[in-house]
Amino acid sequence: MSHASDEQLKAQVAKATGERTDAAQVKKLKGDASNRSYYRVMQGPQSWVVMVMPPDAVKKSEEASKGEHPAELPFVNVHRYLTELGVRVPRIVQYDEPAGMMVLEDLSDQTFEQALLSTGQKEQLYGAAVDLLATLRLSAEGRPDPSCLAFTRAFDEDLYDWELHHFREWGLEVWSGKKPSDAEREQLNAIFRRISKELAAAPRGFTHRDYQSRNLMVKDGELVVIDFQDALQGPRQYDLVALLRDSYVELERPFVEDMLRRYLKRVGGGDENEFIRFFDLLTVQRKLKDAGRFEFINRVKGNPSFLVSIPASLRYVKAALDRQPALSDLRRIVAKYVPELS
């Protein structure tokens, strides 16, 4: 995790805004699983957020992906593209690359998740999030940009397979304290490849990768998209799985299907039953990966705060497996080590 002194942070805001910040107050904001740190700098009625990045911030995503190290900070690169599409993202006041600090507009602390809890307006909020996602996807499909990093990397067969093995290592072996037999490991290898091949064969387009309740902010009644630096090419259902099978907010199945139909109506075309079947298959892959990732973050990064979300992730996998009889071979093996999936 990256850190900075209060004086450094205040100096960044002063440089970016021309405002005096001698008497400013600094508050460290709650972090996530990344190596970035965030601070709120408050001067009277005004406030800004300063993102502090590690020295290698311009390098590859913390999430697994292929490709060379980007020449430009991914956050800046994808931010520019989304801005051109008309997507509401946080305003960059100034980026001091040598210092590894960026001054951003302060969106307040009202995440989509918190707005759900405080307003109870589930239908309105999810409807707006699904509509925004559909608009973003259609806009990006109509305006591909090879200079945007999201168009240079993709969910291919190898990436899906890597994520499934990330679950096998951390969400199955470390979680249970046991290892599958050689025969089971060989079967898992084949099953993971089979799933990955089917997922990778789907048409791809701009995918946020983590479009969920903690990466959407609600500012003056408008949804603002954040944490988009890992965007890449993926199937239409991917961001829907992130949103509607969110590890932090559980939704009942009928509501989820209503939202899927809403999205499909807006993007147009496609067989509804097949769209939902693929959504469930992708749910198995994504939520297995999440369960493993949360344990990895606990063991490797020393951050146990995501462990509480593992049960919800596994419930999603279990429910999706109930709808995927073709994955009975996967369930037979993983349920031996993760009983929640039986």
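No value in this document is a laboratory result; all are computed from the given coordinates. Treat the numbers as computed from the prediction; the structure is a model and nothing was measured. FYI the Cβ positions are ideal-geometry reconstructions off the backbone, even for glycines, and counts take in every protein chain you see.
Most tightly packed first, judged by the mean number of other beta-carbon atoms within 10 Å of their residues, the peptides 231-239, 123-131 read 231-239, 123-131.
Farthest towards the positive end of the charge dipole of the chain, among the residues ALA183, GLY86, THR207, is the Cα of ALA183, using unit charges on the Cβ of Lys, Arg, Asp and Glu. An oblate overall shape is assigned to segment 132-228, the ratio a/c of its alpha-carbon gyration tensor axes (a ≥ b ≥ c) being 1.5 or greater and a/b not exceeding b/c. Distances between placed amide hydrogens fall under 5 Å for VAL93 paired with VAL103, LEU104, GLU105, all partners being 5 or more residues away or on another chain. Rg and Dmax, both from the Cα atoms of the chain and both in Å, are 20.6, 67. For segment 69-168, the normalised intensity computed at q = 0.15, 0.22, 0.24 Å⁻¹ comes to -0.95, -1.17, -1.18 (log10 of I(q)/I(0), Debye sum over alpha carbons, equal scatterers, no solvent). What whole number of Å gives the distance from the Cα centroid of segment 260-299 to the Cα centroid of segment 107-185? With segment 107-185 and segment 260-299 each reduced to a Cα centre, they are spaced 8 Å. Here the Gaussian network model covers the chain, with springs between Cα atoms less than 10 Å apart; of LEU117, LEU307, LEU149, LEU117 fluctuates the most. For the chain, with a Gaussian network of springs between Cα atoms less than 10 Å apart, report the residue from GLU173, GLU84, GLU113 with the top mean-square fluctuation. Fluctuation is largest for GLU84. The simple spin-label model puts a point 7 Å past each Cα toward its Cβ; for ARG277 and ARG185 those points are separated by 3.4 nm. Assuming charge only on the beta carbon of Lys and Arg (+1) and of Asp and Glu (-1), the dipole of segment 149-219 about its Cα centre is about 360 debye to the nearest 20.
The listed peptides 282-295, 204-217, 243-256, ordered by packing as a protection proxy, come out as 282-295, 204-217, 243-256 (highest mean of other Cβ atoms within 10 Å first). The magnitude of the dipole of segment 112-341, with charges of +1 and -1 set on the Cβ of Lys/Arg and Asp/Glu and taken from the Cα centre, is near 320 debye.
Within 12 Å, Cβ to Cβ, of ARG194, how many net charges do the neighbouring residues add up to if Lys/Arg are +1 and Asp/Glu are -1? Within the 12 Å Cβ shell, the charges total -2. In terms of its alpha-carbon gyration tensor, segment 6-105 comes out prolate; a/c meets the 1.5 threshold, and the first ratio a/b outweighs b/c.
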